[in-house]
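Data block below; observations after.
Just so it is clear, none of the values below were taken in a lab; they were calculated from the coordinates. Everything quoted here is computed from the prediction, not taken from an experiment. Neighbour counts run over all protein chains shown; Cβ positions are idealised from the backbone, glycine included.
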Amino acid sequence: MGVPLLLSLTGSSAQYDNEWYVTAAHNKPLLGGKETYYHPVCDFAIFRSKSDKGKEPKLGYVFENEDTYHVGYPVGMLISSHKGKYVGEVFNPGDKCIYSASDATTISGMSGGGVYNKYGELVGVNIGIMHGAIEWPNGKVQFSPSIFMSINAMKDFIEEVTSNKVVLNIREEEENGIRIFRRTNRTSNGVSI
């Protein structure tokens, strides 16, 4: 096995809570020996690894045109964070899953790293890029957007694996028959108000 091949075996993960981390399922070769659960269809995995950091990240949501921060360890580099804007959802015909998309740059090795909103809340996991041009409903064309799997989309899977309820910093309301999502305000002890 040559050095270039060995160097290409890099990936990232993001702390989900003090017991679990999330990553891209295609990082499987790097997860040997860990108690890992793979989504049956989409490129998403969660593995058990105790964290001694003490502080659990908050989970959140991102809306169209809001800032996203893609964090990971690109091949041969230290941790990197790339800022972009959330642009929408894309269907991946390969695995038939819907991913979130951003105009941020992601680099090989960042797969599985966290995607955060402007409040520092974990909103998803880096997957890679969607090759080709994507035309959004507003007419904007995006070439090879970065894609990530949102925590919200994996909510049921995460709850099934961890036996813990996923609590996003968002609430859903209905006004005049239209579903509206709003951020909740949280007190310092994590209680929604």
Once phi is turned into θ = phi - 60°, what whole-Hz ³J(HN,Hα) does the Karplus curve with 6.51, -1.76 and 1.60 give for every residue of segment 28-41, x standing for Gly and Pro? 3, x, 8, 9, x, x, 9, 6, 10, 10, 9, 4, x, 10
Segment Leu30-Asn176, extension gain: residue separation times 0.36 nm, minus the distance between their alpha carbons: 47.7 nm
Taking a ≥ b ≥ c as the square roots of the Cα gyration tensor eigenvalues, with a/c under 1.5 meaning rounded and otherwise prolate when a/b beats b/c or oblate if not, segment 14-85 comes out rounded
For Ser111, residues with placed amide H under 5 Å, excluding near neighbours: Ser12
Where in segment 22-102 are there chymotrypsin sites (Phe, Trp or Tyr not before Pro) that are in a DSSP coil and have at most 12 other Cβ atoms within 10 angstrom of their Cβ? Phe63
Please list, by residue number, everything in segment 110-140 whose backbone N is under 11 Å from a paramagnetic label point 7 Å out along Cα→Cβ of Lys85. 140
So what J values fall out for segment 18-24 if you push phi through Karplus, 6.51 cos²θ - 1.76 cosθ + 1.60 with θ = phi - 60°, rounded to Hz, Gly and Pro as x? 6, 10, 10, 10, 10, 7, 7
For segment 104-153, listing chymotrypsin sites (Phe, Trp or Tyr not before Pro) in a DSSP loop whose Cβ sees at most 16 other Cβ atoms within 10 Å gives Tyr119
To the nearest 20 Debye, how big is the dipole of segment 66-121 about its Cα centre, given +1 on the beta carbon of each Lys and Arg and -1 on that of each Asp and Glu? 100
Gained length - Asp17 relative to Lys96, 0.36 nm times residue gap less alpha-carbon distance: 25.6 nm
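Go through segment 43-146 and name the GluC sites (Glu not before Pro) that are in a DSSP coil and have 16 or fewer other Cβ atoms within 10 Å of their Cβ.
Glu64, Glu66
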